[in-house]
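Report on the structure given below.
Only the coordinates and a few stated rules stand behind these numbers; no lab work does. Keep in mind that this is a model prediction, so the values were computed, not measured. Neighbour counts are summed over all protein chains in view; Cβ atoms, including those assigned to glycine, are modelled from backbone coordinates with ideal geometry.
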Amino acid sequence: MKRVYSAILEHHLDRYDQMIFLTGPRQVGKTTLVKSLLTERLAVYYNWDSLEDRKVIVLGYEAITKALNLDVLVAKKPVVIFDEIHKMAGWKNFLKGFYDTYKSQLQIIVTGSARLDVYQKGGDSLMGRYFLYHQYPFDVSECLRVEFPRTEIVSPQEIDDVTWTNLFNFGGFPEPFIRHDKMFLNQWQSLKHNQLFREDLRDLSKIRDVAQCELLASMLQHQATQLVNYSRLASHIRVSDYSVRTWMDTLRSLYYCFFVHPWSKNIPRSLLKEPKCYLWDWSLIADYGARVENFVACHLCKAVNLWRDIGLGNYGLHFLRDKDKNEVDFLVTKNDQPWIMVEVKSSCKASINQALYKFKERLGVEHVLQVAYDMPFINQDCFALDKPMIVPMKTFLSQMA
């Protein structure tokens with residue numbers, strides 16, 4: 001299946017000179033995506049995990065560009081793709097020198113399963129030389145359209161019931177989603193789990209207690225959508241709070257999970273507590289209600305990161321809670337201002353959350369919605385409503401470009 005990220009990469013390659021840093025979860029389709037460029041542009045691909053490719057890379061810049069014939073004029077700049085190059089010692093200085101030498105003659109794409117953005121801390125010698133893009137699992141919007149997004153919100157479009165059900169049951173990672181086979185999903189999840197804890201964890205971190213970190217990941221499957229209680233988790237695993245915090249950050253860096261933090265600005269008596277935790281693979285969550293909320297969380301997190309990556313603005317994802325026990329599942333901010341407020345329910349029979357009215361008045365939120373999973377699609381613009389209303393989740397998610 002074609003991905004929206006193809007259009008995003010093409011948009012970048014047609015307009016910008018900066019390197020592309022493409023990061024995202026393992027098995028989300030990054031390698032398949034960048035290799036598709038090999039058929040559309042003059043391009044070469046090198047994977048640091050391949051011994052033969054590694055030999056070429058260590059030979060230096062001329063060996064890498066030999067196949068591109070840079071002395072011949074072409075309509076579009078050729079592309080050099082480096083996969084997992086961040087595992088190479090001194091990789092940042094290597095890329096800096098390569099980019100500075102050849103930026104007028106070719107374009108560079110760097111991909112990695114571990115988060116390339118974890119290396120942005122401190123003095124980044126590559127700053128200004130690359131744009132960072134995140135590739136995430138399929139969502140409703142990407143099942144409906146793969147054009148380059150020009151705006152955040154689009155007209156509603158109905159997703160067919162089979163695709164909707166498969167997406168919810170099998171997750172958005174390409175292989176299990178496309179195959180929609182339960183036995184394959186079980187095998188795929190087992191393989192992905194082993195790769196995460198036997199390879200990725202070793203490559204990115206110095207964690208020695210792998211078995212206990214695995215136990216933490218298993219616990220998160222049962223506690224997804226809840227506030228992260230580090231002390232309670234530490235007590236169950238019998239390690240320190242510090243270890244749990246470190247391991248959680250590592251799991252987040254490896255795209256096993258992500259955090260949604262509370263929004264406190266302009267909220268009297270707000271509760272400044274720990275974040276909520278969600279999993280990128282919502283098919284791991286057995287509890288139906290938790291999976292529904294996690295399903296929406298992944299859509300919103302993907303949307304705000306995509307909008308930010310392509311330059312539409314600065315977006316954030318939060319939740320709302322105050323000391324009076326008023327709570328709303330999600331708040332999307334735009335340029336640091338409250339913009340979209342979303343309450344998630346499994347059933348359309350649930351009454352509307354009164355906290356939506358309270359927080360709308362306090363924060364002046366433009367769009368306030370309660371989305372219901374079991375509500376049939378309605379071909380009406382959710383974002384044209386002028387008051388909090390219960391709307392179909394299918395309609396709402398289809399409008400998030």
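Tabulated data
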item: Residue satisfying condition, being without any contact (Cβ under 8 Å) to a residue 60 or more places away in the chain, hydroxyl-bearing (Ser, Thr, Tyr) and crowded, with 18+ Cβ neighbours inside 10 Å, within set TYR45, TYR61; result: TYR45
item: Any hit, region 356-369, residues being of a type in the set (Ser, Thr, Tyr) and closer than 22 Å to GLN157 by Cα; result: no
item: Among residues of region 56-89, those that are touching a Leu at 6+ places or on another chain (Cβ under 9 Å) and at positive phi, counted; result: 1
item: Selection from region 351-369 of residues that are surrounded by fewer than 19 Cβ atoms within 10 Å (Cβ to Cβ) and not aliphatic (A, V, I, L, M); result: SER351, GLN354, TYR357, LYS358, LYS360, GLU361, ARG362, GLY364, GLU366
item: Selection count, region 58-108, where residues are among the β-branched types (Val, Ile, Thr) and over 25 Å from the mean Cα position of the chain (by Cα); result: 6
item: Candidates ALA290, ALA350, filtered to the one that is over 26 Å from TYR133 (Cα atoms), assigned to a loop (DSSP other than H, G, I, E, B) and not polar (S, T, N, Q); result: ALA350
item: Flag if ASN305 is touching a residue at least 12 places away in the same chain (Cβ under 8 Å), outside any strand (DSSP E or B), within 17 Å of the chain's Cα centre (by Cα) and within 25 Å of ARG150 (Cβ to Cβ); result: yes
item: Of residues in region 141-200 being aromatic (Phe, Trp, Tyr) and assigned to a helix (DSSP H, G or I), the one nearest to LEU397 (Cα to Cα); result: TRP164
item: ARG321 assigned to a helix (DSSP H, G or I) and buried (at least 20 other Cβ atoms within 10 Å of the Cβ); result: no
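Results for (1) exposed (fewer than 14 other Cβ atoms within 10 Å of the Cβ); (2) of a type in the set (Lys, Arg); (3) free of Cβ contacts under 8 Å to residues at least 40 places away in the same chain; (4) under 29 Å from VAL162 (Cβ atoms), shown as yes or no for each residue.
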| site | (1), (2), (3), (4) |
| --- | --- |
| LEU331 | no, no, no, no |
| TRP339 | no, no, yes, no |
| VAL342 | no, no, no, yes |
| SER346 | no, no, no, yes |
| LYS349 | yes, yes, yes, yes |
| PRO376 | yes, no, yes, yes |
| CYS382 | no, no, no, yes |
| MET389 | yes, no, yes, yes |
| ALA401 | no, no, no, yes |
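So that you can scan it fast, the table gives a plain yes or no per residue for (1) more than 27 Å from GLN135 (Cβ to Cβ); (2) part of a loop (DSSP other than H, G, I, E, B); (3) under 18 Å from the mean Cα position of the chain (by Cα):
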site	(1), (2), (3)
SER218	no, no, no
ARG232	yes, no, no
VAL239	yes, yes, no
SER243	yes, no, no
MET248	no, no, yes
ARG252	no, no, yes
TYR255	no, yes, yes
PHE258	no, no, yes
SER264	yes, yes, no
